[in-house]
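Peer 1: Provided herewith is a single structure, encoded as structure tokens, for subsequent inquiry.
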Ligand SMILES: [Zn+2]
């Protein structure tokens, strides 16, 4: 019997080791997932538009400023582009960077303009947003860093993405 007494502490140590290993593996894989969700801007710094808060306030309406510079959200079904389906392109309200085209716009019933793809891959930056106790992918302008909205994985084919964008962050122009 005595020869088995030392097994208990060894099992305890082994159990603790396994628990710590699982914790680190989970933390590492989570870090990789979070990183894979993010998409950095490929636009060189020399092309970026940088203004102070007071400068942005001079050129934007209060709701445009709140959404784009303070990462705000307009009320659902309140924006001018939610049910807007004319043919053309949508540009950043702050810097006129091309963001979306009407061919990828669809009616999602969520209350905000929805697109299943971005116009040019590098013009939009996607970053992990952990605010409000949720894990979402925030969509920002690659040129001026304006907050535009979020992208979700419940859109239609072919991308199955839904770029949920504030009307206050974009401006439509006919082709
Ligand atoms: Zn912009």
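Peer 1: Can you confirm whether residue 112 is within 16 Å of the ligand (Cβ to nearest atom), over 23 Å from residue 42 (Cα atoms), in the same structural domain as residue 42 (by TED's automatic domain parsing) and in contact with a helix residue (DSSP H, G or I) (Cβ under 9 Å, 6 or more places away or on another chain)? First the steps, then the outcome.
Peer 2: Working: within 16 Å of the ligand (Cβ to nearest atom): no; over 23 Å from residue 42 (Cα atoms): yes; in the same structural domain as residue 42 (by TED's automatic domain parsing): yes; in contact with a helix residue (DSSP H, G or I) (Cβ under 9 Å, 6 or more places away or on another chain): yes.
So residue 112 does not fit the description; no.
Conditions (1) more than 13 Å from the ligand (Cβ to nearest atom); (2) in contact with a strand residue (DSSP E or B) (Cβ under 6 Å, 6 or more places away or on another chain), marked per residue:
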| site | (1), (2) |
| --- | --- |
| 128 | yes, no |
| 140 | no, yes |
| 145 | no, no |
| 162 | yes, yes |
| 167 | yes, no |
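Peer 1: Can you tell me which residue in the range 92-109 is farthest from residue 147 (Cα to Cα), limited to those that are surrounded by 20 or more Cβ atoms within 10 Å (Cβ to Cβ) and within 16 Å of the ligand (Cβ to nearest atom)?
Peer 2: So, considering only residues that are surrounded by 20 or more Cβ atoms within 10 Å (Cβ to Cβ) and within 16 Å of the ligand (Cβ to nearest atom), the one farthest from residue 147 (Cα to Cα) is 100.
Peer 1: If we scan the range 122-142, do we find a residue that is crowded, with 19+ Cβ neighbours inside 10 Å, over 14 Å from residue 38 (Cβ atoms) and out of contact with any helix residue (DSSP H, G or I) (no Cβ under 9 Å at 6 or more places or on another chain)?
Peer 2: Yes.
The values are calculated or read from the model by the stated rules, or taken from the named source; none is laboratory data. The structure presented is a predicted model; accordingly, all values stated were derived computationally and were not measured. Cβ atoms come from the backbone with ideal geometry, glycine included; neighbour counts cover every protein chain shown.
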